[in-house]
Amino acid sequence: MIEKPQQNELAIDCFLLAGRIMMESGAETYRVEDTMLRMARSQNMNDAQSYVTPTGIIFSLGKTQPTRISAISTRVTDLHRIALVNNVSRKLTSHIITLEEAYDELNTIQKTNYFLPVTLQVLAASFASISFLILFGGIWGDMPAAFIAGGVGQYVVMVMQKLSRVKFFSEFVATLGVGMVASLALYFGYGTQIDKIIIGSVMPLVPGLLITNAVRDLMAGHFTAGMAKGAEAFLTAFAIGAGIALVMAW
């Protein structure tokens, strides 16, 4: 069993943990704030306040209550983990579980790896790449090249994210791999439309969730978070484009 601190300390630890898991999993800023405040109000802590950015969370139970800061160092896309946290929040606000049980469940969610094996992730990216190839008007004969290029891009970005803390460098190197595979396929006669192969293969790397969350945060009035996520999406798109441009120029 987890050692339980005092009630207020437990509450703020629980709410911060929920917010941190959601932010690290790619949730929108306004959703994180709303979830934390709903959990607090379910415990009759109506003066709670939260301020969430893509890189950190500030949470307080009130003017005379403790205030905590939690840094967000990693951000990935894990919608399943977000759904699990939302489920814990709903059970807590409906008084189905206690605060201690919610804290235990959140710790379990944080420690559990819900990602699919690397092989399945690479295969999913490969099949997505050939689907985008056809969607963008490519020919069936280019499907093997797009399949391999998309898988190489996904594998390289996963490996580089473990070796480097710079997210944009990982995507830059991954698109270099995509461009090289597409160029080699064209050179050896296994590809015809290199533009369609490249477009289909880089689509799994495009920051679609970041762009969506940036727009939703801006519409919800969270301008700081919206601009930050928009800038991150722009830099990611720039890294993708730079990697392909370098291969094509070479």
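Miscellaneous remarks
- Residue list for the range 223-250, restricted to those being touching a strand residue (DSSP E or B) at 6+ places or on another chain (Cβ under 7 Å) and surrounded by fewer than 22 Cβ atoms within 10 Å (Cβ to Cβ): 224, 228
- Residue count for the range 106-126, restricted to those that are part of a helix (DSSP H, G or I) and within 20 Å of residue 79 (Cα to Cα): 14
- Residue in the range 102-110 that is open to solvent by 60 Å² or more (accessible area, probe 1.4 Å) and modelled with pLDDT under 90 present: no
- Candidates 220, 214, 185, 146 - the one that is within 20 Å of residue 22 (Cα to Cα), buried (at least 20 other Cβ atoms within 10 Å of the Cβ) and out of contact with any strand residue (DSSP E or B) (no Cβ under 7 Å at 6 or more places or on another chain): 214
- Within the range 19-29, tally of residues that are closer than 12 Å to residue 229 by Cβ and open to solvent by 30 Å² or more (accessible area, probe 1.4 Å): 0
- Residue satisfying all of: in the range 44-73; among the aliphatic types (A, V, I, L, M) and free of Cβ contacts under 8 Å to residues at least 24 places away in the same chain; most open to solvent (accessible area, probe 1.4 Å) among these: 69
- Residue list for the range 190-205, filter: open to solvent by less than 60 Å² (accessible area, probe 1.4 Å) and either in contact with a Pro (Cβ under 8 Å, 6 or more places away or on another chain) or modelled with pLDDT of 90 or more (or both): 193, 194, 196, 197, 198, 200, 201, 202, 203, 204, 205
- Listed by position, the helices (runs of 4 or more DSSP H) enclosed by the range 1-103 that each have at least 3 residues that are among the hydroxyl-bearing types (Ser, Thr, Tyr) are 29-42.
- Of all the residues in the range 95-130, those that are in contact (Cβ under 8 Å) with a residue 24 or more places away in the chain, farther than 12 Å from residue 17 by Cβ and among the hydroxyl-bearing types (Ser, Thr, Tyr) number 3.
- Test: residue in the range 164-182 that is closer than 11 Å to residue 196 by Cβ and out of contact with any Phe, Trp or Tyr (no Cβ under 8 Å at 6 or more places or on another chain): yes
- Candidate set from the range 104-114 (those that are out of contact with any Asp or Glu (no Cβ under 7 Å at 6 or more places or on another chain) and of a type outside the set (Val, Ile, Thr)); member that is nearest to residue 151 (Cα to Cα): 113
The values are calculated or read from the model by the stated rules, or taken from the named source; none is laboratory data. Keep in mind that this is a model prediction, so the values were computed, not measured. All Cβ positions, glycine included, derive from the backbone under ideal geometry; neighbour counts span all protein chains shown. Note: accessible area is taken over every heavy atom of the protein model, side chains too, but ligands, DNA and RNA are not part of it. Shrake-Rupley method; radii C 1.70, N 1.55, O 1.52, S 1.80 Å.
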